[in-house]
Amino acid sequence: MRDILSIGALDLLEIEKLLDLAAVMKQEGSRVDDHRGKVAALLFFEPSTRTYLSFASAAQRLGIGVIGFTDPAHTSVAKGESLADTIRVVQTYSEVIVIRHPREGSADEAAAVAEIPVVNGGDGGREHPTQTLYDLFTIRERHGRLNGLRVGFYGDLRYGRAANSLCLALSRYGCDITWIGPQELQPAPSVAQTVRAQANSATTAEFLEDALPGLDVLYVSRPQRERWPHSMTALIPPVTRDTLRFAEDRLVVLHPLPRTSELATDIDTDARAGYFQQVANGVPVRMAVLHTLLSQ
Ligand code: NCD
């Protein structure tokens with residue numbers, strides 16, 4: 001594996017190896033001698049809290065130095081430099097590049113130019129594969145397996161890249177997928193088609209209350225208003241503690257965060273809330289990603 005650009009490009013054995021290594025990383029916390037003297041470049045052309053900081057934390061726990069930016073307005077991009085030229089330059093300063101960019105396919109463009117590994121930290125509404133790796137890691141921690149689970153996706157499934165990547169992954173584990181929410185926020189046809197072809201089953205539901213009974217996982221995706229067409233006004237009623245009265249005790253509620261109004265804070269103290277455990281898993285999983293890419 002040279003790059004991590006989409007979850008579909010990893011086979012299930014590669015995913016399992018990364019998750020197993022992440023479990024070791026989680027136990028050990030840090031291994032600063034592993035990659036001392038190497039440098040990771042974090043190129044963030046879009047806002048980020050978790051992805052930027054957890055990659056920076058993961059890198060430093062492996063002894064990797066971090067360079068990068070979170071505001072392209074302060075780089076030569078503002079002077080009109082192309083993505084390809086930015087990558088050609090940055091790869092002479094670093095051993096691995098993590099890129100987040102509003103344009104779909106931008107990470108692939110970067111990888112086509114780069115001679116060092118490239119990780120997709122989110123390209124527009126398309127994919128967010130390392131988010132998916134720690135979503136899978138968290139589901140495996142909670143349920144002890146990934147195979148054959150019943151998983152509901154709720155909210156913005158059209159423009160939410162984290163939800164896209166995760167349902168593409170879980171469909172390969174023979175899961176039953178239910179997409180819940182308004183029609184205009186259902187997944188893009190290309191994603192829905194792939195998931196339907198791979199999953200044990202894939203169905204849609206309009207209301208959460210109808211879909212919740214029997215679910216093992218509920219994955220919530222905030223309204224991605226920054227990518228909505230101007231005319232769009234879809235509503236995503238919040239998941240509350242009250243809504244969860246329709247859910248099983250074994251349900252785990254996940255959310256890539258940041259949350260807005262789609263997920264009420266009154267669930268935070270419910271044993272079924274898994275999103276803070278999920279976000280903490282970002283660091284060991286990204287340690288496993290960086291370690292694997294820099295060890296070959
Ligand atoms: C997600 C993203 O940027 O796609 N955030 C994250 O990386 N945890 C989800 C989101 O913004 O809704």
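Stretching the chain fully between THR233 and THR70 yields a gain of 55.8 nm (0.36 nm per residue, less the alpha carbon separation).
Treating only the Cβ of Lys, Arg, Asp and Glu as charged (+1, +1, -1, -1), what charge dipole size does the chain show about its Cα centre? Round to the nearest 20 debye.
Details: 30 positive and 36 negative charges, 65 e Å.
Roughly 320 debye, rounded to the nearest 20.
With one equal scatterer per alpha carbon and no solvent term, the Debye-computed log10 I(q)/I(0) for the chain at 0.10, 0.11 1/Å reads -0.52, -0.63. Calculated mean residue ellipticity, 222 nm, the chain: -10500 deg cm²/dmol, from DSSP H runs (n ≥ 4) at -39500 (n - 2.57) each, averaged per residue and rounded to 500.
Between 0 and 90 degrees, the angle of helix 282-294 with respect to the longest Cα principal axis of the chain falls at about 40 degrees. Relative to the longest principal axis of the Cα atoms of the chain, helix 129-143 runs at roughly 50 degrees. For the chain, take the longest principal axis of its alpha carbons; what is the angle in degrees between that and the long axis of helix 50-61, to the nearest 10 within 0 to 90? Tilt relative to the chain: about 50 degrees.
Hey, what did the chain get for relative contact order, percent, Cα under 8 Å, at least 6 apart? Can you show the working numbers first?
On the way: 592 pairs, mean separation 60.9, N = 296.
Answer for the chain is 21 percent.
Sparse packing (at most 16 other Cβ atoms within 10 Å of the Cβ) combined with a DSSP loop state is found for the following trypsin sites (Lys or Arg not before Pro) in the stretch 1-109: ARG2, ARG31, ARG36, LYS38, ARG103.
Each of TRP179, TRP228 was scored by other Cβ atoms within 10 Å of its Cβ. Listed from fewest to most, they are TRP228, TRP179.
Relative contact order of the stretch 66-190, please, whole-number percent, based on alpha carbon pairs below 8 angstrom and at least 6 residues apart. Intermediate results must be reported in sequence, preceding the final value.
Values: 169 pairs, mean separation 22.6, N = 125.
Relative contact order of the stretch 66-190: 18 percent.
The chymotrypsin sites (Phe, Trp or Tyr not before Pro) found in the stretch 27-132 that occupy coil by DSSP, while having at most 14 further C-beta atoms within 10 Å, are TYR93. Spatial offset of the stretch 165-226 relative to the stretch 27-47 amounts to 33 Å, using the alpha carbon center of each. Considering only LEU62, PHE45, ILE4, and ranking their Cα positions along the charge dipole of the stretch 1-110 that arises from unit charges at the beta-carbon of Lys, Arg, Asp and Glu, the one farthest toward the positive end is LEU62. Considering only alpha-carbon pairs that sit under 8 angstrom and 6 or more positions apart, the relative contact order computed for the stretch 97-156 is 26 percent.
By the beta-carbon count within 10 Å of each Cβ, the least crowded to most crowded order of SER165, SER76, SER295, fewest first, is SER295, SER76, SER165.
When PHE207, PHE137, PHE153 are arranged by Cβ crowding within 10 Å, least crowded first, meaning fewest neighbours, the order is PHE207, PHE137, PHE153.
Can you give the % of DSSP beta bridges in the chain that are antiparallel, to the nearest 5?
Numbers: 1 of 36 bridges.
Percent antiparallel among DSSP bridges in the chain is about 5.
Just subtract the alpha-carbon distance of GLU104 and ALA84 from 0.36 nm times their residue separation and send over the number in nm, one decimal.
Full extension from GLU104 to ALA84 adds 5.7 nm.
Couplings 3J(HN,Hα) of the stretch 34-45, computed from phi: 5, 9, 3, x, 8, 10, 10, 9, 9, 9, 10, 8 Hz, in residue order, whole Hz [Karplus 6.51 cos²θ - 1.76 cosθ + 1.60, θ = phi - 60°; x for Gly and Pro]. The orientation-averaged shadow of the Cα convex hull for the stretch 1-66, equal to a quarter of the hull surface, comes to 5.2 nm². Separation of the stretch 244-288 and the stretch 51-86, taken as the distance between their Cα centroids, equals 28 angstrom.
Distant-in-sequence amide contacts of VAL253, defined by a placed amide H-H separation under 5 Å and a gap of 5 or more residues or a different chain, comprise LEU218, ALA273, GLY274. Taking the stretch 124-145 and a reference point 7 angstrom along Cα→Cβ of ARG272, the backbone N atoms nearer than 17 Å belong to 139, 142-143. In order along the stretch 200-213, the Karplus-derived 3J(HN,Hα) couplings, from 6.51 cos²θ - 1.76 cosθ + 1.60 at θ = phi - 60°, round to 5, 7, 9, 9, 10, 8, 7, 10, 4, 4, 6, 8, 5, x Hz, and Gly and Pro are given as x. Which shape class applies to the stretch 205-296: rounded if a/c is under 1.5, otherwise prolate when a/b exceeds b/c and oblate if not, where a ≥ b ≥ c are the square roots of the Cα gyration tensor eigenvalues? Taking the square roots of the gyration eigenvalues as a ≥ b ≥ c, the stretch 205-296 is oblate.
Readers should treat all values here as calculations from the given coordinates under stated rules, not as data from a laboratory. Predicted model only: the values in this text are computed from it and were never measured. No Cβ is skipped: glycine too gets one built from the backbone with ideal geometry, and neighbour counts run over all protein chains shown.
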